[in-house]
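Okay, structure first, notes after.
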Amino acid sequence: MTEPQLPATDDGDDTPDNASAPRKDPYWVDALAQGLSVLEAFDCEQPSLTLTELAQRLGWSRSKPYRFVHTLEKLGFLEREEVGRRYRLTAHAMKLGFAYLNRLPLVELAQPIMNRLRTEVGASVHMAILDRDELVYVAQARIPLPTSIDIHVGSRMPPHSSSIGRILLAYKPRADIARILDGAPIPALTEKSTVDPAAFRALLDTARERGYVYNDEEFHRGVRSIAAPVLNAQGEVVAGLNATSMIYTFTDEVVAGTVIPAVVRAARELSQALGYRER
């Protein structure tokens, strides 16, 4: 079945699909909210979508996305791929996200610390935050790895399997952890991935007690990473910092003697730069 062309007239459906929309809020603009939900439908797993796929993701009727997509395309936020009837975000859309990331004092303060950590441990260093229930990478100091891992600033993923995601989850309230674990099965990315919810909760408890996460080939085969939390002046965990390398570089001895202390020290330095003081 071929994808229909954009219609010239509205489909007449002005009813909000979002049941949680504040209908009694006189300042709420439902069309704007729905247009932004179209942009949010595109992610790393589905970087391009047909109109039908977009409707399915949003729980809309097949005809509803047409005018939203048409408008966003005219404004330069979406573009149509040369082959097929698929749409994707443009660099213009990405500017909004990068404008946010670039204004973060966290990123500005973190970059020199991350660069030094990269030199100290000879590994790629990343920093990420939680956006709702997704992990978002906001800064990096990379060393190329001989793997298919492609993590860059702006990458988003579930928090379960990465060391940064786990250290951030470890400091979340138990109710939030339960909601995230109940929302979807824990993905098994390798044969070592911890997927049992009870075992995963125990892993988070251990991470909080130690103050770091050691991920041994649970995110990608042959890759190890260590993450520690970054705290603000109020003592809240606002980000996670990790170092990642191959198992033959991050040997047991190197991890225990060099990498864990270095990552914890770098995260503490960044926390202090944000105003955190140990009580």
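The table that follows gives values for the structure above.
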{"read-out": "Test set (1) part of a helix (DSSP H, G or I); (2) closer than 22 Å to Ala267 by Cα - Asn242 fails condition number", "value": "(1)"}
{"read-out": "Selection from segment 57-79 of residues that are of a type outside the set (A, V, I, L, M, F, W, C) and surrounded by 14 or more Cβ atoms within 10 Å (Cβ to Cβ)", "value": "Arg57, Arg62, Ser63, Lys64, Pro65, Tyr66, Arg67, His70, Thr71, Glu73, Glu79"}
{"read-out": "Those residues of segment 140-199 which are β-branched (Val, Ile, Thr), part of a loop (DSSP other than H, G, I, E, B) and over 25 Å from Ile260 (Cα atoms), in sequence order", "value": "Ile186"}
{"read-out": "Subset of segment 143-161 that is within 19 Å of Ile129 (Cβ to Cβ) and in contact with a helix residue (DSSP H, G or I) (Cβ under 8 Å, 6 or more places away or on another chain) - its residue that is surrounded by the most Cβ atoms within 10 Å (Cβ to Cβ)", "value": "His160"}
{"read-out": "Residue match in segment 81-103 (condition: modelled with pLDDT under 90, of a type in the set (S, T, N, Q) and closer than 30 Å to Val223 by Cα)", "value": "yes"}
{"read-out": "Every residue from segment 62-86 that is assigned to a loop (DSSP other than H, G, I, E, B) and closer than 14 Å to Ser37 by Cβ", "value": "Lys64, Phe77"}
{"read-out": "Check on Val264, farther than 18 Å from Met114 by Cα and surrounded by 14 or more Cβ atoms within 10 Å (Cβ to Cβ)", "value": "no"}
{"read-out": "Residue in segment 208-219 that is without any contact (Cβ under 8 Å) to a residue 60 or more places away in the chain and more than 25 Å from Thr258 (Cβ to Cβ) present", "value": "no"}
{"read-out": "Segment 214-242, residues that are among the aromatic types (Phe, Trp, Tyr) and either more than 17 Å from the chain's Cα centre (by Cα) or outside the structural domain of Val255 (by TED's automatic domain parsing) (or both)", "value": "Tyr214"}
{"read-out": "Tally of residues being crowded, with 24+ Cβ neighbours inside 10 Å and either within 20 Å of Leu274 (Cβ to Cβ) or of a type in the set (D, E, K, R) (or both) across segment 225-246", "value": "9"}
{"read-out": "Members of segment 104-139 found to be basic (Lys, Arg) and at pLDDT below 90, listed by number", "value": "Arg132"}
{"read-out": "Residues that are of a type in the set (A, V, I, L, M, F, W, C), more than 15 Å from Leu78 (Cα to Cα) and assigned to a helix (DSSP H, G or I), drawn from segment 25-57", "value": "Ala31, Leu32, Ala33, Ala55"}
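Yes/no matrix, rows are residues, columns are (1) buried (at least 19 other Cβ atoms within 10 Å of the Cβ); (2) touching a residue at least 60 places away in the same chain (Cβ under 8 Å); (3) among the basic types (Lys, Arg):
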| residue | (1), (2), (3) |
| --- | --- |
| Ser163 | yes, yes, no |
| Arg179 | no, no, yes |
| Arg201 | no, no, yes |
| Val223 | yes, yes, no |
| Gly257 | no, no, no |
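The values are calculated or read from the model by the stated rules, or taken from the named source; none is laboratory data. Since the model is a prediction, treat every value here as computed from it, not as a measurement. FYI the Cβ positions are ideal-geometry reconstructions off the backbone, even for glycines, and counts take in every protein chain you see.
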